[in-house]
1. Please figure out what share of the DSSP beta bridges in the chain is antiparallel and state it in percent, rounded to the nearest 5.
2. Pull up all non-local amide H partners of Val153: gap of 5 or more, or a different chain, and H-to-H distance under 5 Å with H placed in the peptide plane.
3. Let me make sure I get this right: for the range 268-345, a, b and c are the square roots of the gyration tensor eigenvalues over alpha carbons, sorted descending. Under 1.5 in a/c it's rounded, otherwise prolate if a/b > b/c, else oblate. Which is it?
4. Which helices count as membrane-span-like in the chain under these terms: full DSSP H, at least 30 Å along the axis by C-alpha, Kyte-Doolittle mean of 0.5 or more?
5. Is the range 171-245 rounded, prolate or oblate when judged by the Cα gyration tensor, a ≥ b ≥ c being the square roots of its eigenvalues, rounded requiring a/c under 1.5 and prolate requiring a/b larger than b/c?
6. Give the label of the value calculated from the structure for log10 I(q)/I(0) by the Debye sum over Cα atoms at q = 0.07, 0.09, 0.12, 0.13 Å⁻¹, choosing from [x] -0.29, -0.49, -0.92, -1.10; [y] -0.36, -0.59, -0.98, -1.09; [z] -0.38, -0.58, -0.89, -0.98.
7. What does the C-alpha gyration tensor say about the overall shape of the range 197-345? Classify as rounded when a/c is under 1.5, otherwise prolate if a/b is larger than b/c, or oblate.
8. If amide H atoms are built 1.01 Å from N in the plane of the peptide, which residues on other chains or at least 5 residues away come under 5 Å of the amide H of Ser278?
Amino acid sequence: MKQKAGKKKRVTLKEIAEIANTSVTAVSRALSGKDGVSEETRQHIIRIAKDHNYRPNLLAKNMRSLRTNLIGIIVGDITRTYFIELLRGVEREARRQSMHVLVANADEDFDTEYEAIQTFLAYSCSGLIICPVSHREDYLYALREEDVNVVIVDRPVEESIGFSEVLIENRKDSRSAVDHLLQNGHRRIAYISSAALQTKPIQERYAGYLEALEAHSLRLDNNLVRHIVNVDETARHTVELLSLTDRPTAFYIADEPFAIHVVSTIMQRDLAIPRDASVVIFGTPTWAAHLPPGFTCVDRPIQTMGEQAVKLLVSQIHGNSEHQRLTLRSQLRSRGSVRNLNDEG
């Protein structure tokens, strides 16, 4: 019996770019006849596209005219409280706008994020809300050139791309958190954050930490800085910090999932917060206001970010081509986890 031929997989712009050893942006420009690539490169890309039976994604190109009531949101890691709260804001505003939401979890992986984008386009989503998982922006330029409605949330991209963004002031908010500790007399402030999540918000929070130290004429002590690869290693790093001869008087936790590990480790060593170690958290864990002594936190307007992202996206879907960058400010919620060393002479 003659075997039935397998169905040929449709090649994507990203795959053509890999074969041609160039960027997705260059491929998009070459295939759409736009400037920005040499004629030699253009012909090379066209030959590859023909050889692999490439067909343009007409769904993406026609997203503005399709006007479905579907929007897609791609989050970095759906297990994190931050993204759960963001989704609550997105879905609440989407209901007000008579839109339905499709959700994808990128799991902080670029390829997973890219596949989710292609899936949402295939489902004729009228627009996308994206929390980019990497510094790669070629695929965003490609979406821009295909007139896909996109709003970026939380993790800023190059302004030249031209997408609307809803952000918070990570650097300023981080500096305010560290300033609070410094104003309370702390000079040995440990910094704990993720090494695996080198996104722009994390980088900006570290920059805010450094700025606060510099403003108080303090030199950085690298022994107090921990960029932790795996959250399960947090306890070990916390013990090392507490074991230093000149141990920190305060812990600034710049990435919320690490907070519970730091706090529980301090308590397990029969140390009291804030008597033996003060704590400030960037983010608001559900337990922060209820676990004694109450934890000082940088409270981000997460649900508001989601709501604003939907408003901007729906405005684009209805033909508003003006792109905006909304920057929302967090609030420092001062509770009992910071000891005032100034009162102790």
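1. If we restrict to bridges inside the chain, about 10 percent are antiparallel.
2. Ile130, Cys131, Val166
3. prolate
4. none
5. oblate
6. For log10 I(q)/I(0) by the Debye sum over Cα atoms at q = 0.07, 0.09, 0.12, 0.13 Å⁻¹, the calculated option is [z].
7. prolate
8. For Ser278, the qualifying residues are Ala250, Phe251, Arg339.
None of the figures in this text is laboratory data; all of them are computed from the coordinates on show. Predicted, not measured: the structure shown is a model, and the values here were computed from it. Glycine gets a Cβ as well: all are built from the backbone with ideal geometry, and neighbour counts include every protein chain shown.
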